[in-house]
Number of protein chains: 2
Amino acid sequence: MGLFLSTFVNKVDRKGRVSVPASFRATLSVQPFQGIIAYRSFAHACIEGCGMDFMERLSDSAQNLDAFSPEHDDLSALIFADARQLAWDPEGRILLPEDVMAHAGITEAAAFVGKGQTFQIWEPESYRAAEAEIRARALANRPTLPLRPKAPSQEPR
Amino acid sequence: MGLFLSTFVNKVDRKGRVSVPASFRATLSVQPFQGIIAYRSFAHACIEGCGMDFMERLSDSAQNLDAFSPEHDDLSALIFADARQLAWDPEGRILLPEDVMAHAGITEAAAFVGKGQTFQIWEPESYRAAEAEIRARALANRPTLPLRPKAPSQEPR
DNA sequence: TGGGTAATCATGGGCGTCAATGGTATTGAC
DNA sequence: GTCAATACCATTGACGCCCATGATTACCCA
């Protein structure tokens, strides 16, 4: 399974350690670096998380100026500069740096939120509020997602 | 057989376990992840269910939206963040999480409703009411579905 | 065609295992 | 020597696995 799914709330202990959900670790287990990449979100009060593979994809995309506008290029520069490699310990816990915790307002607990190819880390209460807003918006204005065809490389006529 | 068909009502035991209908399990048996993906519907008081393949299709489709776009954020939050991987036990049962049961109003029984590529899980009485409404609507305003041609080059099953 | 049998499936409960969590010890850097 | 990072250990509580039972269905054969 290659996706980050679901939301898990884990406690942050006195030392700033927090368990990465077992299913997220399973998703990342195929990668050479045993840990996560984390950087402060520039859009929300949360932390963006992903595996090294996704970082490389971002890098590839950033090099392609057609795909990324100058603004996006700046953003990717921000990302790489801010990204930290957080390896987990034998129990599957990472140590959250001070400034990262401060940016997300995390103190006692952290919510790991699956986003498919990536995930986010929120202060649980903040995420609850953000999610409620999104749900309200979804009820008012039902979002749709054009589904791509099922076959791996087949073109619909 | 590759579709979710028919409706099955199964009991939820004291632990919150419920048997996934054998025919649904057969549909999902070809997948690497032995279980279902479930997320709370944002349109109805029910649970949406599918296999991992469908989630991956959703993920692929979501990639078409720009990374970091608000639309992408909302959809990911609503689907990937809320999706739970519910593996079944050797008897074919899944454990329904508390909040998921609450969202659908499920207490003692659950109705598995086939929807073709996906399925839904309802509180049986709620579904009876919802189905009656749909039938009434269909009588008043006959829905149509433009059939696609019977693609000759596709592999038969 | 009917009875009997076997197989499949849904259901209930006990128990072991592993993930999350908290604490202590050890290592290494300054 | 002090501090911080990390490895090691110990606890507990949820959930995954096993067995046992009941009910329904499918199958076989006289």
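The values are calculated or read from the model by the stated rules, or taken from the named source; none is laboratory data. Keep in mind that this is a model prediction, so the values were computed, not measured. For neighbour counting, all protein chains shown are included, and Cβ atoms are generated from backbone atoms with ideal geometry for every residue, glycine included. Heads up: the accessible areas ignore ligands, DNA and RNA and are worked out on the full protein's heavy atoms, side chains in. Shrake-Rupley method; radii C 1.70, N 1.55, O 1.52, S 1.80 Å.
Would you mind classifying chain B by shape? Square roots of the alpha carbon gyration tensor eigenvalues, ordered a ≥ b ≥ c; an a/c under 1.5 is rounded, otherwise it is prolate if a/b is larger than b/c and oblate if not. Verdict is rounded for chain B. Sorted from shortest, what are the nm distances separating the label point of residue B:70 from equivalent points in the other copies, each placed 7 Å from Cα along Cα to C-beta? Those separations, rounded to one decimal, come out as 2.4 nm.
Projecting the Cα positions of B:12, B:96, B:130 onto the charge dipole of the range B:7-136 (unit charges on Cβ atoms of Lys, Arg, Asp and Glu, taken about the Cα centre) puts B:12 furthest along the positive direction.
Divided by 2.2 N^0.38 Å, where N counts the residues, the Cα radius of gyration of the protein assembly as shown comes to 1.08.
Helix-only estimate, please: 222 nm mean residue ellipticity of chain A, summing -39500 (n - 2.57) across DSSP H runs of length 4 or more and dividing by its residues, to the nearest 500. Could the numbers behind the result be given before it?
Values: 5 runs with 56 residues, N = 157.
Value at 222 nm, helices only: -11000 deg cm²/dmol.
List the longest stretch of chain B that has no exposed loop site; here a site is one of the GluC sites (Glu not before Pro) assigned by DSSP to anything other than H, G, I, E or B, with at most 11 other Cβ within 10 Å. Kindly include the intermediate steps, with their values, before the conclusion.
Details: sites that count: B:91, B:108.
Within chain B, the longest run free of exposed GluC sites (Glu not before Pro) spans B:1-90.
Tell me, which residues of the range A:1-20 get at least 20 Å² less accessible area when the other protein chains come in, versus the chain alone (1.4 Å probe)? Residues meeting the cut-off: A:1, A:3, A:5, A:6. Only Cα sites of the range A:96-149 enter the Debye sum here, all with the same form factor; the resulting log10 I(q)/I(0) across q = 0.13, 0.22 1/Å is -0.46, -0.91, listed in q order. Starting from the label point of residue B:131 at 7 Å along Cα→Cβ, the same points in the other copies fall at 3.1 nm, in ascending order.
For chain B, which whole percent of the accessible surface, found with a 1.4 angstrom probe, sits on carbon and sulfur atoms? Before the final figure, lay out each step's value.
Working: 4950 of 9010 Å².
Summing carbon and sulfur atoms, their accessible area is 55 percent of the total for chain B.
Between residue B:15 and residue A:60, the simple label model (points 7 Å from Cα in the Cβ direction) yields a spacing of 4.4 nm. Computed over protein heavy atoms with a 1.4 Å probe, the accessible surface of the range B:7-136 works out to 45 Å² per residue.
Projecting 7 Å from Cα along the Cα-to-Cβ direction, the label point of residue B:145 sits 2.2 nm from its equivalents in the other copies, listed shortest first. The A-B contact accounts for roughly 3300 square angstrom of buried accessible surface, both chains included, probe 1.4 angstrom.
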